[in-house]
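Written below as structure tokens is the structure these notes are about.
The values are calculated or read from the model by the stated rules, or taken from the named source; none is laboratory data. Note that the structure is predicted; figures quoted are calculated from it, not measured. Every residue, glycine among them, receives a Cβ derived from its backbone with ideal geometry; neighbour counts consider all protein chains shown.
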Amino acid sequence: MPILDLYTRAEAAAEFLRERIVAAGLVIPRLGMVLGSGLGGVATRLSGSIAIPYAEIPHFPRATVEGHAGRLVVGSLGANGASAAVAVMQGRVHAYEGYSSEEVTFPMRVLGRLGVSAVILTNAAGGIRADLRPGQFALIADHINFTGSNPCTGQNDERFGAPPASGQRFFDMSTAYSPRLRALARNVAERQGWTLTEGTYLCVSGPSFETPAEIRAFRTLGADLVGMSTVQEVIVARHMGIEVLGISLATNMAAGVLPQEIQHAEVIEAGLKAEAQLASLLAALAPLIGCR
């Protein structure tokens with residue numbers, strides 16, 4: 001059997017999802033969401049939804065980490081009488097699970113081929129900046145890729161975009177995190193009575209947490225948050241011309257900031273405690289973004 005190229009595999013997975021969505025009488029979503037560690041419960045807020053395990057989607061990688069359910073949930077999300085069709089990834093895969101950059105970002109390729117034009121990517125992160133305390137959300141304004149790899153390495157396939165706007169071999173990342181979407185998110189949070197700060201997110205490969213010396217180095221580089229996901233997904237999204245909003249939840253202080261060990265259990269616990277606030281924000285944001 002011949003080995004299928006990346007585009008063909010992504011198109012096959014997108015067509016499978018398209019058929020399932022249409023068969024359920026749902027609208028093909030224009031907005032995608034990825035829920036990070038401990039934040040997957042937000043997907044239960046969708047109405048009229050269907051849930052498709054990653055294992056059923058052709059060529060899709062399977063999540064193996066606690067706090068990542070491994071399902072794509074499609075339905076409506078909204079607030080105050082307005083809603084939008086959304087495709088929500090309840091968990092993601094990571095390089096530290098043994099997946100390549102291409103596999104980590106394959107779901108983003110599939111969402112793009114499905115027709116998604118904007119994504120909201122969430123993650124759990126360690127707070128490097130002193131004011132980013134556990135339980136606090138922050139918009140990602142920029143990132144530092146410290147993984148040592150780029151998912152667009154290799155042959156460029158312009159079929160994933162529409163050159164010159166997207167799909168280019170060399171593409172711009174100066175506004176990788178949409179200023180428009182960040183402004184919308186700040187305004188929604190303000191109307192809900194809280195403030196969304198912004199920061200720079202640094203991505204490492206994991207799975208070990210960082211050392212205090214590494215955190216001191218990352219702070220010198222200008223990082224405010226550190227985590228093990230999101231950045232490669234953002235790179236692929238921008239390659240395809242998908243607009244990106246990134247939201248980090250500071251689930252713990254990074255190594256050396258406080259005199260205590262870091263445990264994955266506290267990451268999950270912090271995510272569960274913050275789910276309701278995130279759900280409220282995303283419900284209000286979805287109609288503003290998904291109906292564009």
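In table form, for the structure just shown:
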| read-out | value |
| --- | --- |
| Qualifying positions in segment 48-96 - more than 17 Å from the chain's Cα centre (by Cα) and not aliphatic (A, V, I, L, M) | Gly48, Ser49, Pro53, Glu56, Pro58, His59, Gly75, Ser76, Gly78, Asn80, Gly81, Ser83 |
| Looking only at segment 18-48, and only at residues there that are of a type in the set (Gly, Ala, Ser) and at pLDDT 95 or above, the one that is nearest to Lys273 (Cα to Cα) | Gly32 |
| Within segment 14-41, considering residues that are of a type in the set (A, V, I, L, M) and part of a helix (DSSP H, G or I), the one farthest from the chain's Cα centre (by Cα) | Ala23 |
| So Arg9, is it among the basic types (Lys, Arg), part of a helix (DSSP H, G or I) and under 16 Å from Gly75 (Cβ atoms) | no |
| In segment 159-193, residue surrounded by the most Cβ atoms within 10 Å (Cβ to Cβ) [restricted to those that are under 19 Å from the mean Cα position of the chain (by Cα) and not in a helix (DSSP H, G or I)] | Tyr177 |
| Residue within segment 31-41 that is among the hydroxyl-bearing types (Ser, Thr, Tyr), surrounded by fewer than 21 Cβ atoms within 10 Å (Cβ to Cβ) and touching a residue at least 60 places away in the same chain (Cβ under 8 Å) present | no |
| Conditions (1) outside any helix (DSSP H, G or I); (2) over 27 Å from Glu158 (Cα atoms); (3) modelled with pLDDT under 95: number failed by Met1 | (2) |
